Each structure stands twice: as C-alpha cells, then as structure tokens.
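First comes the structure, then the notes that go with it.
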Amino acid sequence: MIKAFIFDLDDTLYDCIHVNNEAVSALCEYTAKELLHIKTSTVRVAFDRARMQIKEQLRDDVAAQHNRMLYIEKTLELLEIPPVKYALEMYDYFWNYVLEHMKLYEGAEDFLIMLKKKKIKIAICTDMTVHIQYRKLRALGIDSYIDSIITSEEVGREKPAPEMFQMALNKLNVLSSEAIYVGDNLKKDVIGPTKVGITAIWYHEEEQTPYLRAENYEKMFELFSKLNMENK
C-alpha cells in the first residue's frame, strides 16, 4: 500500500534551471548597472568563475556548494570589491527574482491535491539549504501540502547518500516499500532511492530507460493509478 510520496523539488515540481539562469543574468545586469557601474559581461565572467571555484573548493556532497551567498562573495572578491559592501543586496536580488518568477509544472499541484485527498503523506527531499527551500515552497503555494522536508544541509550528505532517503522514511514513519520517490536526476533521484528499497519514478523525457518514467504530471497520474493497483 502506498503511504507516502517523496519529491525532489528543483526541476521536479518546477523548472529550476530556466528560472535560475534568468535570475543569474538579471543579477549580473543589476549588479553591473545599479551597484558597480561596470560592464555586465565583466560581472558575469566573475560570477561564473566564482561559482566554479566554490564548487571546486567544497566537497560535492555538502549543501554549502549551492549557497548563492558564497558565489556572490567570491564574485566580489574576484572583482576586488569588499563583499560586505554589496553582497546582501545581491543575494536578496537573486532570490527575490527566483521566488517571483518560479512556476509549478502544469498538473503538479493537482497531483499533490490528489495525494492529500487519499491521505498519502508528502515529503520534499532536496540537495539545498533548508531556509531557501522553505521559501520556495511558500512562493509556489504548495507549503500546505507538505508533511516533511529533508535537506542535505540537515543530513550532512547529499543525494544519492542513503542517509537522505532514510531520514525521509523516518520523518514520514513509513517503510521503504510503502513510499514512492519522484525526481529528475537519474543518479540522485532514481538509482539512489532504489538502492534503499524505494520505488522511484524518473521525472524526465528520456524514452529508452528501464526505470519508471514520467515526462509530465499527466503521465504521473497514470503511473500512480497503476502503482496504486499493484500495491493494494
């Protein structure tokens, strides 16, 4: 019997890549024109270098590697500008842009509503810092549907570490056989949960795959009906 659905957040419930790219471009333009009065391209080159350096500096399984404040701090350092002068304004500008422009995938909210009506628990399991993920859920208007949130910041490891999925099961108080995991990253969101006994659905457009797959939420409804029948 299905008792819980565990979702990745970014690029599973909304288009993160698109809005993030737009936000970075907007941030670089804002910083160049409103704060530093230099070329936008100069800021963008520094930002891209900063992001790469932070990711190289930190382990690839820690939440801090996603921290935009670290990217911004390093960007200003590369531009030889004291970070304390503009970092907070830049950080707020970036996340305000993301939160104002992000939109749920079509059908995602209807799917969450259906799960709640069926008394199925819902969790978010995400590689990110906890504060901003809570803000995203609120901005998307789906916070009231979520029973638990698990972040790599809390666990101290990133997906596909089994600790991430085990904490999700513990918080929801369900067995691995009673949960379904949905995510867009094959390694992190499909192979990872599968190794701990959770049935996984790959939210992706790939056609040739041995895994359960849904390219949109219309397909998710179909898969749910099939899985629900099999697990009765």
Going by the structure shown, is Leu27 surrounded by 15 or more Cβ atoms within 10 Å (Cβ to Cβ) and over 24 Å from His101 (Cβ atoms)? no
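Would you check if there is a residue in segment 38-45 being β-branched (Val, Ile, Thr), farther than 30 Å from Phe165 by Cα, outside any helix (DSSP H, G or I) and not assigned by TED's automatic domain parsing to the domain that holds Asp189? Give the derivation first.
Step one: filter segment 38-45 for residues β-branched (Val, Ile, Thr), giving 38, 40, 42-43, 45.
Subsequent filtering for residues that are farther than 30 Å from Phe165 by Cα retains 38, 40, 42-43, 45.
Imposing the further condition that a residue be outside any helix (DSSP H, G or I) reduces the set to 38.
Next, only the ones that are not assigned by TED's automatic domain parsing to the domain that holds Asp189 stay: 38.
Yes, that holds for at least one residue.
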Go through segment 62-113 and report how many residues are closer than 30 Å to Glu218 by Cβ, surrounded by fewer than 16 Cβ atoms within 10 Å (Cβ to Cβ) and of a type in the set (A, V, I, L, M, F, W, C). 1
The lone condition Asp8 fails out of (1) outside the structural domain of Ile180 (by TED's automatic domain parsing); (2) crowded, with 19+ Cβ neighbours inside 10 Å is (1)
All positions within segment 14-68 that are more than 21 Å from the chain's Cα centre (by Cα) and either at pLDDT below 95 or charged (D, E, K, R) (or both): Glu29, Lys33, Glu34, Lys39, Arg44, Arg49, Gln53, Gln57
Taking segment 150-166, which residues are buried (at least 19 other Cβ atoms within 10 Å of the Cβ) and of a type outside the set (Phe, Trp, Tyr)? Ile150, Thr151, Ser152, Glu153, Val155, Glu158, Lys159, Pro160, Met164
Say we look at segment 77-117 and pick out the residues that are part of a helix (DSSP H, G or I) and in contact with a Phe, Trp or Tyr (Cβ under 6 Å, 6 or more places away or on another chain); which of these is nearest to Asp184 (Cα to Cα)? Ala108
Search result, residues across segment 168-187 that are surrounded by fewer than 20 Cβ atoms within 10 Å (Cβ to Cβ), touching a helix residue (DSSP H, G or I) at 6+ places or on another chain (Cβ under 9 Å) and either in a helix (DSSP H, G or I) or among the basic types (Lys, Arg) (or both): Ser176, Glu178
Going through segment 118-151 one residue at a time, which ones are in a helix (DSSP H, G or I), touching a strand residue (DSSP E or B) at 6+ places or on another chain (Cβ under 9 Å) and among the hydrophobic types (A, V, I, L, M, F, W, C)? Val130, Leu137, Leu140
Would you mention how many residues in segment 188-232 are in a loop (DSSP other than H, G, I, E, B) and touching a Ser or Thr at 6+ places or on another chain (Cβ under 7 Å)? 3
Whichever residue in segment 193-232 is polar (S, T, N, Q) and closer than 21 Å to Ser177 by Cβ and, among such residues, is surrounded by the fewest Cβ atoms within 10 Å (Cβ to Cβ): Ser225
Restricting segment 127-136 to residues that are touching a Phe, Trp or Tyr at 6+ places or on another chain (Cβ under 9 Å) and at pLDDT 95 or above, which is surrounded by the fewest Cβ atoms within 10 Å (Cβ to Cβ)? Arg135
Among the candidates Asp92, Asp143, Asp127, single out the residue that is of a type in the set (D, E, K, R), free of Cβ contacts under 8 Å to residues at least 12 places away in the same chain and in contact with a helix residue (DSSP H, G or I) (Cβ under 7 Å, 6 or more places away or on another chain). Asp143
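The values are calculated or read from the model by the stated rules, or taken from the named source; none is laboratory data. All of these numbers come straight from a predicted model, not from anything done at the bench. Don't worry about glycine lacking a Cβ; one is built from the backbone with ideal geometry, like all the others, and counts go over all protein chains shown.
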